[in-house]
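Novice: If you scroll down you'll find the structure; I have some questions about it.
The values are calculated or read from the model by the stated rules, or taken from the named source; none is laboratory data. As the structure is a computational prediction, the values presented were derived from the model and not from experiment. All Cβ positions, glycine included, derive from the backbone under ideal geometry; neighbour counts span all protein chains shown. All accessible areas refer to the heavy atoms of the entire protein, side chains included, with ligands and DNA or RNA removed. Shrake-Rupley method; radii C 1.70, N 1.55, O 1.52, S 1.80 Å.
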Amino acid sequence: MDIYQKAYDWAKTHNFEPIQIEYATKLALKMLDDSCQMSAEDRKMFFYVYDAISDRDDITLDDDVNKLVLLARDRNTIYSKPEYANIVHACRVEVIPSMLKVHMKAFKKMVRENLNLL
């Protein structure tokens with residue numbers, strides 16, 4: 001099993017805390033805007049995590065940011081659909097100032113630890 005499928009399968013059953021879901025969304029937004037400093041492989045892995053969260057029946061992602069991510073997300077790439085690039089960027093500029101790096105780092109570390117990547 002490759003790391004991407006492992007990430008998806010893990011995220012489909014992991015008991016996420018609300019703040020972890022929030023930061024999965026904020027990370028997806030940053031990645032869609034191409035403003036994230038991760039490698040393409042890491043971005044793909046974290047998108048698999050986000051996609052698994054969004055595919056779950058027990059987690060509802062119905063706020064405006066998640067609706068935008070789901071609409072703009074092209075699951076065949078790690079980028080947004082071109083027609084949504086400007087709105088994704090504007091949303092990221094508005095949302096990211098409320099993001100705390102400590103929470104983002106904790107979310108990334110938690111994922112990596114659970115996937116045995118640290």
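Novice: Please work out which residue is most open to solvent (accessible area, probe 1.4 Å), limiting yourself to region 88-118 and to residues that are touching a residue at least 60 places away in the same chain (Cβ under 8 Å) and part of a loop (DSSP other than H, G, I, E, B).
Specialist: Step by step, filter region 88-118, then rank; the result is Leu117.
Novice: Quickly run through region 39-95 and pick out the residues that are under 13 Å from Glu22 (Cα atoms), among the hydrophobic types (A, V, I, L, M, F, W, C) and within 13 Å of the chain's Cα centre (by Cα).
Specialist: If the condition is that a residue be under 13 Å from Glu22 (Cα atoms), among the hydrophobic types (A, V, I, L, M, F, W, C) and within 13 Å of the chain's Cα centre (by Cα), then Val49, Ile53, Leu61, Val65, Val69 are the ones that fit.
Novice: Taking region 6-50 as the search range and keeping residues that are among the hydrophobic types (A, V, I, L, M, F, W, C) and without any contact (Cβ under 8 Å) to a residue 12 or more places away in the chain, which one is most open to solvent (accessible area, probe 1.4 Å)?
Specialist: Within region 6-50, the subset among the hydrophobic types (A, V, I, L, M, F, W, C) is 7, 10-11, 16, 19, 21, 24, 27-29, 31-32, 36, 38, 40, 45-47, 49.
In the following step, the residues that additionally are without any contact (Cβ under 8 Å) to a residue 12 or more places away in the chain were identified as 36, 38.
Values: Cys36: 8, Met38: 25 Å².
So, considering only residues that are among the hydrophobic types (A, V, I, L, M, F, W, C) and without any contact (Cβ under 8 Å) to a residue 12 or more places away in the chain, the one most open to solvent (accessible area, probe 1.4 Å) is Met38.
Novice: Any residue in region 62-79 that is open to solvent by 30 Å² or more (accessible area, probe 1.4 Å), part of a helix (DSSP H, G or I), among the charged types (D, E, K, R) and farther than 14 Å from Leu29 by Cα?
Specialist: For region 62-79, residues open to solvent by 30 Å² or more (accessible area, probe 1.4 Å), part of a helix (DSSP H, G or I), among the charged types (D, E, K, R) and farther than 14 Å from Leu29 by Cα: absent.
Novice: Checking Tyr84 against (1) crowded, with 20+ Cβ neighbours inside 10 Å; (2) assigned to a helix (DSSP H, G or I), which single condition isn't satisfied?
Specialist: Checking Tyr84 against (1) crowded, with 20+ Cβ neighbours inside 10 Å; (2) assigned to a helix (DSSP H, G or I), the one that fails is (1).
Novice: Scanning for something of a type in the set (Val, Ile, Thr), at pLDDT below 90 and within 27 Å of Asn116 (Cβ to Cβ), does region 56-78 turn up at least one residue?
Specialist: So far as region 56-78 goes, yes, one or more of its residues are of a type in the set (Val, Ile, Thr), at pLDDT below 90 and within 27 Å of Asn116 (Cβ to Cβ).
Novice: Inside region 96-107, can you point out the residues that are under 14 Å from the mean Cα position of the chain (by Cα) and closer than 11 Å to Lys26 by Cβ?
Specialist: Ile96, Met99, His103, Met104, Phe107
Novice: Within the set of pairs 6 or more residues apart or between chains, which connect a residue that is over 15 Å from Arg43 (Cβ atoms) inside region 63-85 to a residue that is assigned to a helix (DSSP H, G or I) and among the β-branched types (Val, Ile, Thr) with Cβ atoms less than 7 Å apart?
Specialist: Val65/Thr25; Val65/Val95; Asn66/Thr25; Leu68/Ile87; Leu68/Val88
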